[in-house]
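The next block holds one structure in the form of structure tokens; read it before the comments.
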Amino acid sequence: MTTTIPEHTADQREALALYESLEGVRNLDRRAETCYEACGNLYDEPTIAKIASAENQYLRSRFKVSTLGTKLSKHGYYKLFRPILLKDGLNAYQEEKRDGSKTLRHLFFKYCGLNASEWVERNDTDRVISRLGNAQTLNPGEVIDKAIALVQSDDHWEIVAGLVALTGRRPHEIVARAKFGVDGDYQVIFEGQGKKRDEKPIFSIATLAPAELVVSTLGHLRKRTELKSLLKEVRANNPRDLVRQNDEIDRRTNKSINRAVKREFASVLPTREGETEGNCKALRAAYSAIATKRDIGDGSIGEQMLYAARLLGHFVGESPTDNDLKHITTTIGYSDYRVNGEVPHPTMPESIPYKKFPSIRVMPETKEQIARWSELWDCSYHEVIDRLVVTMIEKLVVPIEPEVQSEPTTSEDEEMTSSQTDSRLDALEAKFDTLTQMMERLVEGQTAQPQPAPTPTPKPQPTKRKVARDWSQVSNDELFGLGEYDRPARGTGASDERIARAVQAIIDHNDRFPAGDMTDKKWSLDKYAVRQLSGCNGQVVARWFDEHHGLVSDHNHKHGLTDLFHNRDSHQGKDISTEIQDLIESKKSVEILDRLWGNLGAIFGVNENDEG
């Protein structure tokens, strides 16, 4: 007996026509988006099944079953369908998991992707177990020496391979994303981790060579014309999509980098079980083993595993819980090297073929401003400082005529000299104002460049410095990117104002209840709560907490919120912004430009209290 399928509705016909437009299209990112657009609003299983089955047939004609699940994940099929509201029997079905429980999934994946038996076969492997049972022994000194030699190479792929070995970062992180800042002799602050989607963790990692060598090598690498051209093309192909940019970088560079790894490390890096040659994952595994042996030594197995997980970026949450320990299972897959002998602490090479960047220490608030410019200008911290200093030299320094020996000066001559000095100081202040305004516009994201300041007259009237905006007068909607504003306000001091309002809102909320009582209604004043409420990154929030430790401690003790996990235990599953957002009020923010003036004044020997 044949089942008659009713005539398609307009939505069904539109969905089928949309999918048919993929004829001849091989780009999986576009195919995933089109499948989502076609099926996202459908509540009709036959039509969804027709589209999903056709896509499943196409994918299986191009890829092996063993890689099918990876392709669906990598190119966004799962991610795109995830936000759709699922209704059992209309656009979703109950899928049984391996433990017997059931979960609701979109009907598209009932007909496209791996079936239950294929998933079992895919997951039932013993590759990692076999690898751990056949651990390889390496000599740490040989690996480190080879890596240090490579970072001094003329070949950019060899430099990348050397940095992967010394830092344990992924190739696309070294090529495009990583930002390093010296945090000790053999430690750097790392920002730019891949595979974290919307998260932007910043954490400290060990380096197997002097931190200054790692930082300077990365700066040298990023200036290479070949990499600049590559990154320009990648950004043009995938504007505003870092995940796809990273995928394209990997696709276009991995073979070249792995060839360098195979060629240069073959004699010092044992091949891992199940592999035929060395690769970047093997370098990450070797880095983890060497750094953990050097820094943890004979510590417990738990200490070693936790440290290795943090080094590799598998365990980097701000306020981790025991539940986060599940991520250490990923670290186990990198734990098949044993280290033979003591790990050396190499010194800085006597000569390197590129300029060495010195370590520069700044105040925490200045570091925050440098971080903002680093993100805005897409360059390292050292390059930001270099650009600022060069710009200050070009824009601020007023040429002073060399002194000429002459006859003894009279009182009139002394008055003239004093007048000329005042003129130069007035000119210096005027040019500083121009540069400050230029920096403010850059921080706010404006692309227009200011015109060069005109040559000052002999006695210009000094102008007062002004901040870009008085953020205390900005509305919550504009500051936090709510309502008609599609993103939070940007500019010098905006983050400080967001944090100030978020902190005051938490304080006001808690003060509505008796001190030391009704703690289940209150929110502890901690970094995670302020970060969630303000939307600011963890580094900026952490800096605020370092500067206001007394205020935080006093407030939490006043309300009996001394438990480190109070928010998690008392407000499980709740969003702080839904309870406190309406309490945020305008508070005076800190004027960062005043702090910036103080630091730049220290660099150039100008006291902020001087008249000039």
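The values are calculated or read from the model by the stated rules, or taken from the named source; none is laboratory data. All of these numbers come straight from a predicted model, not from anything done at the bench. Using ideal geometry, Cβ is built from the backbone for each residue, glycine included, and neighbour counts are taken over all protein chains shown. Heads up: the accessible areas ignore ligands, DNA and RNA and are worked out on the full protein's heavy atoms, side chains in. Shrake-Rupley method; radii C 1.70, N 1.55, O 1.52, S 1.80 Å.
Which numbered condition in (1) hydrophobic (A, V, I, L, M, F, W, C); (2) modelled with pLDDT of 70 or more; (3) out of contact with any Phe, Trp or Tyr (no Cβ under 6 Å at 6 or more places or on another chain) is the only one that Val362 fails?
So the condition that Val362 fails would be (2).
Scan region 149-187 for residues that are of a type in the set (D, E, K, R) and out of contact with any Gly (no Cβ under 7 Å at 6 or more places or on another chain) and jot them down.
Within region 149-187, Asp154, Asp155, Glu158, Arg169, Asp183, Asp185 meet the criteria.
Take region 149-164 and flag every residue that is among the aliphatic types (A, V, I, L, M) and buried (at least 22 other Cβ atoms within 10 Å of the Cβ).
Listed by number, the residues that qualify are Leu150, Val151, Ile159, Val160, Ala161, Leu163, Val164.
Condition first: on the phi < 0 side of the Ramachandran plot, in contact with a helix residue (DSSP H, G or I) (Cβ under 7 Å, 6 or more places away or on another chain) and without any contact (Cβ under 8 Å) to a residue 12 or more places away in the chain. Can you find one or more residues in region 126-143 that meet it?
No, the conditions are met nowhere in region 126-143.
Cβ contacts < 8 Å: first residue in contact (Cβ under 8 Å) with a residue 60 or more places away in the chain and open to solvent by less than 50 Å² (accessible area, probe 1.4 Å), restricted to region 240-257; second residue part of a helix (DSSP H, G or I) and among the acidic types (Asp, Glu), any location; separation 6+ or different chain. Result?
none
If Gly278 satisfies every condition in (1) in contact (Cβ under 8 Å) with a residue 60 or more places away in the chain; (2) part of a loop (DSSP other than H, G, I, E, B) but one, which is the exception?
(1)
Given Ile370, Ile352, Ile328, Ile385, which one is modelled with pLDDT of 85 or more and either over 29 Å from Ile296 (Cβ atoms) or part of a helix (DSSP H, G or I) (or both)?
Result: Ile328 is the single residue among Ile370, Ile352, Ile328, Ile385 that is modelled with pLDDT of 85 or more and either over 29 Å from Ile296 (Cβ atoms) or part of a helix (DSSP H, G or I) (or both).
Can you pull out every residue in region 72-102 that is open to solvent by less than 50 Å² (accessible area, probe 1.4 Å), free of Cβ contacts under 8 Å to residues at least 24 places away in the same chain and among the polar types (S, T, N, Q)?
Selection gives Ser101 alone.
Hey, any hits in region 554-563 for a residue that's open to solvent by less than 10 Å² (accessible area, probe 1.4 Å) and among the hydrophobic types (A, V, I, L, M, F, W, C)?
yes
With the structure loaded, tell me whether Glu33 is among the acidic types (Asp, Glu), in a strand (DSSP E or B) and surrounded by fewer than 18 Cβ atoms within 10 Å (Cβ to Cβ) or whether it fails that test.
Against the criterion (among the acidic types (Asp, Glu), in a strand (DSSP E or B) and surrounded by fewer than 18 Cβ atoms within 10 Å (Cβ to Cβ)), Glu33 does not qualify.
Identify all residues within region 190-239 that are of a type in the set (Phe, Trp, Tyr) and either surrounded by 21 or more Cβ atoms within 10 Å (Cβ to Cβ) or touching a helix residue (DSSP H, G or I) at 6+ places or on another chain (Cβ under 6 Å) (or both); write none if there are none.
Matches in region 190-239: Phe190 only.
Quick check: is even one residue across region 79-100 in contact with a His (Cβ under 7 Å, 6 or more places away or on another chain), farther than 29 Å from Arg272 by Cα and either part of a helix (DSSP H, G or I) or small (Gly, Ala, Ser) (or both)?
yes
Scan region 205-228 for residues that are touching a Lys or Arg at 6+ places or on another chain (Cβ under 9 Å) and closer than 15 Å to Asp155 by Cβ and jot them down.
Listed by number, the list holds a single entry, His220.
Please specify each residue of region 488-537 satisfying the condition of being of a type in the set (D, E, K, R), more than 23 Å from His559 (Cβ to Cβ) and out of contact with any Leu (no Cβ under 9 Å at 6 or more places or on another chain).
Asp496
Does any residue of region 525-548 turn out to be more than 22 Å from the chain's Cα centre (by Cα) and either in contact (Cβ under 8 Å) with a residue 60 or more places away in the chain or open to solvent by 40 Å² or more (accessible area, probe 1.4 Å) (or both)?
Looking through region 525-548, at least one residue is more than 22 Å from the chain's Cα centre (by Cα) and either in contact (Cβ under 8 Å) with a residue 60 or more places away in the chain or open to solvent by 40 Å² or more (accessible area, probe 1.4 Å) (or both).
Using beta carbons and a limit of 6 Å, which pairs, at least six apart or on different chains, have the first residue in region 282-301 and without any contact (Cβ under 8 Å) to a residue 12 or more places away in the chain and the second one assigned to a helix (DSSP H, G or I)?
Ile296/Glu303; Ile296/Gln304; Ile296/Tyr307
Step by step: first the residues of region 289-325, then only those that are charged (D, E, K, R) and open to solvent by less than 50 Å² (accessible area, probe 1.4 Å), then the one that is nearest to Gly538 (Cα to Cα). Which residue is that?
Result: Asp324.
Specify the residue that is most open to solvent (accessible area, probe 1.4 Å); the eligible residues are those in region 258-275 that are in a loop (DSSP other than H, G, I, E, B) and not acidic (Asp, Glu).
Among them, the one singled out is Ser267.
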